[in-house]
Amino acid sequence: MQRMVSGIKPTGELTLGNYIGAIKNFVDFQEKYELFVFIADLHALTTIQDKSKLRKRIKDIAAFYIACGLDPEKATIFIQSEIPAHSQMSYLLECTSYVGELNRMTQYKDKSKDDSASIQTSMFTYPVLMAADILLYDPDFVPVGDDQKQHVELARNIAERFNSRNGEFFKVPEPVIPKAGARIMDLQNPTKKMSKSGDTDKGYILLTDNLNLIKNKIKSAVTDSDTLVKFDKEKKPGISNLLTIYSVLSNLTIAEIENKYTNQGYGNFKKDLAEIVATQIGKIQEKYNQIINSNKLNQILDAGLEKASKIAHKKIMKANSKLGLGRKK
Ligand code: AQP
């Protein structure tokens with residue numbers, strides 16, 4: 001069975017973007033692949049975090065993975081920081097990467113353009129940690145939203161460089177970008193990605209939002225001044241974003257939805273979409289409430305830790321030896 005690895009960082013409550021762009025796909029992938037899914041808590045430290053909120057979010061993401069349909073019998077679910085090999089491998093890969101290539105990472109460029117002096121070093125180096133998260137497990141594929149593709153490219157370059165310097169060692173993985181929903185946009189500013197740390201709370205839908213609030217956020221999403229339900233990313237980014245959400249959650253094609261709302265304006269379309277989103281998130285919230293305080297969640301995370309750490313520990317020990325570290329050949 002081919003292997004896949006991916007994770008989400010606990011920098012905020014999960015959004016509909018995280019669900020559509022990542023978790024929903026993981027649920028499909030667990031049927032076909034040996035899937036490793038982690039909570040990328042080390043990555044949250046690239047910005048300063050409130051410790052008690054961070055700890056709560058780590059468990060929340062684990063509970064949401066399961067509430068959204070990940071089955072611990074099929075997928076290995078674990079917390080990144082509980083496996084020291086991630087940080088250890090990150091250092092070895094820093095010794096295999098160049099400042100020049102990290103400088104080219106667009107997310108770093110975006111986040112550092114205002115004041116790079118006050119940005120933490122980890123904001124610059126985290127793509128290397130991400131390469132470590134991936135390469136430790138020798139996956140065939142890495143499912144990511146389209147904003148993360150550049151980071152998977154970096155992981156591939158680092159793997160190839162390490163292999164050419166030290167002999168074949170890492171599998172060079174392929175990114176997998178979803179065909180639809182790879183970038184769900186902010187509801188108030190549809191040219192910007194929907195992010196958990198976005199600035200207006202009307203712009204994102206959280207998996208923890210109250211269902212009426214979710215409906216209101218959809219109904220007040222920014223659209224354009226004409227009334228045609230038509231996909232046109234350039235000219236009608238707001239309605240196109242809503243069409244994408246509708247399509248992914250209903251399994252109807254964009255064309256089928258456009259036909260359904262011909263000559264109806266935006267009102268009915270938004271009302272129906274609000275119901276679809278609230279109903280699906282409502283079901284997820286019910287399951288989340290059952291699991292979040294149960295002992296089962298800890299058992300799942302312990303089992304995931306045991307399985308993933310065996311693989312990661314073996315790989316880091318071999319990497320040390322390949323590089324001539326320690327005493328063992
Ligand atoms: N809006 C989105 N549309 C589609 N996919 C998305 N992802 C995130 N937002 C969207 C995908 O979710 C996975 C986990 O992402 P992450 O939380 O680890 O990092 P991120 O992409 O930086 O997410 P955020 O919400 O934007 O976090 P902040 O605000 O803290 O920077 C990834 O596969 C991502 O593509």
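The values are calculated or read from the model by the stated rules, or taken from the named source; none is laboratory data. Predicted model, so just to flag it, every value in this text is computed and none were measured. Ideal geometry is used to build each Cβ from the backbone, glycine not excepted, and the neighbour counts take in all protein chains shown. The accessibility values were calculated without ligands, DNA or RNA, using every heavy atom of the protein model including side chains. Shrake-Rupley method; radii C 1.70, N 1.55, O 1.52, S 1.80 Å.
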Worksheet item: Pick from region 171-198 the residues that are among the charged types (D, E, K, R) and outside any loop (DSSP other than H, G, I, E, B): which of them is surrounded by the most Cβ atoms within 10 Å (Cβ to Cβ)?
Response: Lys193
Worksheet item: What's the number of the condition Thr96 fails, among (1) over 16 Å from the mean Cα position of the chain (by Cα); (2) within 30 Å of Asp199 (Cβ to Cβ); (3) touching a residue at least 12 places away in the same chain (Cβ under 8 Å)?
Response: (2)
Worksheet entry | Elements of type helices (runs of 4 or more DSSP H) contained in region 54-170, each with 3 or more residues being out of contact with any strand residue (DSSP E or B) (no Cβ under 7 Å at 6 or more places or on another chain) and away from the ligand (no atom under 16 Å from the Cβ) | 85-94, 99-103, 149-166
Discussion item. I'd like to check something: does region 232-245 contain any residue that is touching a Gly at 6+ places or on another chain (Cβ under 9 Å), within 28 Å of Glu153 (Cβ to Cβ), open to solvent by less than 20 Å² (accessible area, probe 1.4 Å) and within 13 Å of the ligand (Cβ to nearest atom)?
Written reply: yes
Fill in: Residues satisfying the stated conditions in region 22-37, i.e. open to solvent by less than 10 Å² (accessible area, probe 1.4 Å) and within 10 Å of the ligand (Cβ to nearest atom)
Ile23, Phe26
Worksheet item: Which of the following residues is part of a helix (DSSP H, G or I), in contact with a Leu (Cβ under 8 Å, 6 or more places away or on another chain) and touching a residue at least 24 places away in the same chain (Cβ under 8 Å): Ala278, Ala303?
Response: Ala278
Practice prompt. Can you run down the residue pairs with Cβ atoms below 8 Å, 6 or more apart or on separate chains, where the first is in region 155-181 and farther than 18 Å from Tyr33 by Cβ and the partner is in a loop (DSSP other than H, G, I, E, B) and open to solvent by 50 Å² or more (accessible area, probe 1.4 Å)?
Written response: Ala159/Lys171; Asn166/Leu323
Fill in: Options Asp226, Asp201, Asp272; residue that is open to solvent by 30 Å² or more (accessible area, probe 1.4 Å) and within 22 Å of the chain's Cα centre (by Cα)
Asp201
